[in-house]
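The values are calculated or read from the model by the stated rules, or taken from the named source; none is laboratory data. Just so it is clear, the structure is predicted and the values come from calculations on it, not from any experiment. Glycine gets a Cβ as well: all are built from the backbone with ideal geometry, and neighbour counts include every protein chain shown.
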Amino acid sequence: MNDDYLWDKSGEPDPEIQRLEQILSTLRYQEKPLELPEQIRPSRSTNHVFLLAIAATVLIALAAAGLWLTAHRNQVPQNHLANAPGSNATPEPKIAEGPTAKPKVVEPPTPGDRENERKPHLAKARVPAKQVWTRKEQEEALAAKQQLLLALRLASEKLNEVQRRAGPATPVKNQHKVG
Amino acid sequence: MYELEATADILVMSTQAKAAERSTTTESIEVRLVRRALEGDRDGFGQLYSLYGPLVHGILLARVPRSEVDDLVQDIFLHAFKKLNTLRDWASFGPWIAMIARNRAIDFHRRSRDTVEVTDDIRGTDESSSRATEILEIVKTLPDAYRETLVLRLVEGMTGPEIATRTGLTPASVRVNLHRGMKLLKEKLGLKEGL
């Protein structure tokens, strides 16, 4: 078998290959006009990685802010009342000593409570949550807050890295599998 | 054995070798045409269609029934036009559309398996066409890498270097596929009819 002829049609022709070429050429591609509908255009390019990075950062920031606000809302009123001059509130925030210590306060129902029973959506809005945090819970909340802040910093760093790498019209060599 | 070697050959697609073999003229033409097409010039994409039609046709002819090939060629170029923005390296238009064609052929068989088995009618309109279809059916029994390369060489009339440039395979892989594929084809044809 003549490899050169098979490779680039150079050298001495191989009669068997020539015969095959002659027979199979009847199946050769015959160009037909390509019909591209007028309304079809190449889609606009979008940098999905960049958008995903932004979305992830925003989500993490929102989650961190939400958690921090929730934790802060339960702590600030007690501290604020305790430190206010002339306040009748108890001087120290009410913190249980251990996970098993749960204060139970039974009070007679007031007219406001009865109204709240009839309109539970109002009750939720008017009555502040009487939540007592143990020291352990406070420590856990603070640890969670620190972790979230760290995650936020990391996401921000990654976003900066993505921005640096993306750059303007950077040619990328690797191709996605399409189709 | 042959299939494993062929698969390995396909996987060894050294970009350095490709860059060395690919002529700068072809590269610049592809890049220019893709840019024109992305800017909305349909003639630019039409020229890409003319340039790469035989490649897509050959890839499909090696995998799907002949009666389906022409429609699939149109579908593939239409799809490529819509997704042209996802092509990051404009010089790699050939390997990109070749991959689309291979995936579309796989998809075709997956769908037809769910519905009805599609077979080629080997009774051609004349004797030469019938004989060509018969030989093509034998080529289709060869491993993927061999049949694609052989069809591009024997049916579409492309040379080995052209096949390498347009498919993105290394010239060495194409040469090996051509040699081994032709050897197998001759064996099968010898057993069948003595050509």
In segment B:67-77, residues that are facing another protein chain (nearest Cβ under 9 Å) and out of contact with any Leu (no Cβ under 7 Å at 6 or more places or on another chain) total 2
With the condition kept exactly as written, say whether any residue in segment A:38-45 is surrounded by 14 or more Cβ atoms within 10 Å (Cβ to Cβ) and either within 28 Å of A:Ala144 (Cβ to Cβ) or at pLDDT 60 or above (or both). yes
Among the residues of segment A:9-22, which ones are facing chain B (nearest Cβ under 9 Å), surrounded by fewer than 14 Cβ atoms within 10 Å (Cβ to Cβ) and of a type outside the set (S, T, N, Q)? A:Arg19
Tell me whether segment B:53-64 contains one or more residues that are without any contact (Cβ under 8 Å) to a residue 12 or more places away in the chain and surrounded by 17 or more Cβ atoms within 10 Å (Cβ to Cβ). no
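Matching residues to (1) modelled with pLDDT under 95; (2) at positive phi; (3) surrounded by fewer than 23 Cβ atoms within 10 Å (Cβ to Cβ):
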| residue | (1), (2), (3) |
| --- | --- |
| B:Ser129 | yes, no, yes |
| B:Thr133 | yes, no, yes |
| B:Asp144 | yes, no, yes |
| B:Leu150 | no, no, no |
| B:Val155 | no, no, no |
| B:Gly168 | yes, yes, yes |
Listed residues B:Leu136, B:Leu189, B:Leu150, B:Leu178; which is more than 17 Å from the chain's Cα centre (by Cα), facing chain A (nearest Cβ under 10 Å) and touching a residue at least 24 places away in the same chain (Cβ under 8 Å)? B:Leu189
When the residues of segment B:81-91 are filtered to those that are crowded, with 17+ Cβ neighbours inside 10 Å and touching a residue at least 24 places away in the same chain (Cβ under 8 Å), which remaining residue is nearest to the other protein chains (Cβ to nearest Cβ)? B:Leu84
Please enumerate the residues belonging to segment B:59-105 that are more than 21 Å from A:Arg28 (Cβ to Cβ) and charged (D, E, K, R). B:Lys82, B:Lys83, B:Arg88, B:Asp89
Looking at this structure, is A:Asp8 more than 30 Å from A:Lys158 (Cβ to Cβ) and modelled with pLDDT of 85 or more? yes
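Considering every residue within segment A:22-35, establish whether at least one is among the hydrophobic types (A, V, I, L, M, F, W, C), in a loop (DSSP other than H, G, I, E, B) and at pLDDT below 80.
No, segment A:22-35 contains no residue that is among the hydrophobic types (A, V, I, L, M, F, W, C), in a loop (DSSP other than H, G, I, E, B) and at pLDDT below 80.
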